[in-house]
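All remarks here apply to the structure that follows.
The values are calculated or read from the model by the stated rules, or taken from the named source; none is laboratory data. Source: prediction; values computed, not measured. Because the Cβ atoms are built from the backbone with ideal geometry, glycine has one as well, and the counts that use them run over all protein chains shown. Ligands, DNA and RNA are excluded from the accessible area calculation, which covers all protein heavy atoms including side chains. Shrake-Rupley method; radii C 1.70, N 1.55, O 1.52, S 1.80 Å.
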Amino acid sequence: MLVSNVSLWGAALVALLVVIALVTLAFLDRKMLRRMQLIFGATVVQMALVGAVVWLVYQTHAWWAFLLWYLLILLLSICWCLYPLYFMWKKMLLPICTSILAGSIVLAGSTMLCLPSSVFMTVYSVLMACLTASMIQTMVNHLRSLHTPEAHKQDMSWRESVLPQVRSMAQPLVMVMPMLYAGMLLGGVPAFAGLIIVLLLVAASFVANVLAGVVALLLSR
């Protein structure tokens, strides 16, 4: 089993480092320690939920399991986008939900067309993570631009919101796509075919990000 290949010394070292980090936080800032514990607990719950759905998908390979995975990633993306805007989540709920749904349909459809179902889940999840990160940056920049002296100019707030999204989209894709291409090559995919698939996924990510940003900004006006 894979678990038998895990080094006990490595696991013990990681556990020791965690204890040292907690003790350091306890001395420096107890309030920060409590917040970190809450964040860590929420992360464990999310990982348990995602892990259970992943296990279910790989055990069944049924359409309803893939649909469940799609809905779970969609829900997590919406929650992550709303978290920085929790102080006005009621106003941003509809724009965020609609924009993430529009972007996820583009990403899910293009991923299913370009890749086999055996790797759909992994690639779609990574692309959705990139979309979520760029959407968070877009909404934060949009709210900031509305409070600038030029906020009365609608084109100014749009430009200040959309352009950072394109830049923030490119940053994770630059790291993700080469690793995806390397994984394709190691998996036996021909070099030219893998390159075409990567370029198609980059184009689909660009369309999904721009579409999600425009929809969110239109509905948040």
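A few comments on the model shown:
- Candidates Leu75, Leu71, Leu28: the one that is farther than 29 Å from Val215 by Cα, exposed (fewer than 15 other Cβ atoms within 10 Å of the Cβ), without any contact (Cβ under 8 Å) to a residue 60 or more places away in the chain and among the hydrophobic types (A, V, I, L, M, F, W, C) is Leu28.
- Subset of the range 175-206 that is open to solvent by 50 Å² or more (accessible area, probe 1.4 Å), under 16 Å from the mean Cα position of the chain (by Cα) and modelled with pLDDT of 80 or more - its residue that is farthest from Thr138 (Cα to Cα): Val202
- Hits in the range 78-104 (condition: farther than 19 Å from Gln137 by Cβ and free of Cβ contacts under 8 Å to residues at least 12 places away in the same chain): Lys90
- Test: residue in the range 4-11 that is in a helix (DSSP H, G or I) and either of a type in the set (Lys, Arg) or touching a residue at least 12 places away in the same chain (Cβ under 8 Å) (or both): no
- With respect to being of a type outside the set (S, T, N, Q), within 16 Å of the chain's Cα centre (by Cα) and at pLDDT 80 or above, Ala129 fits the description.
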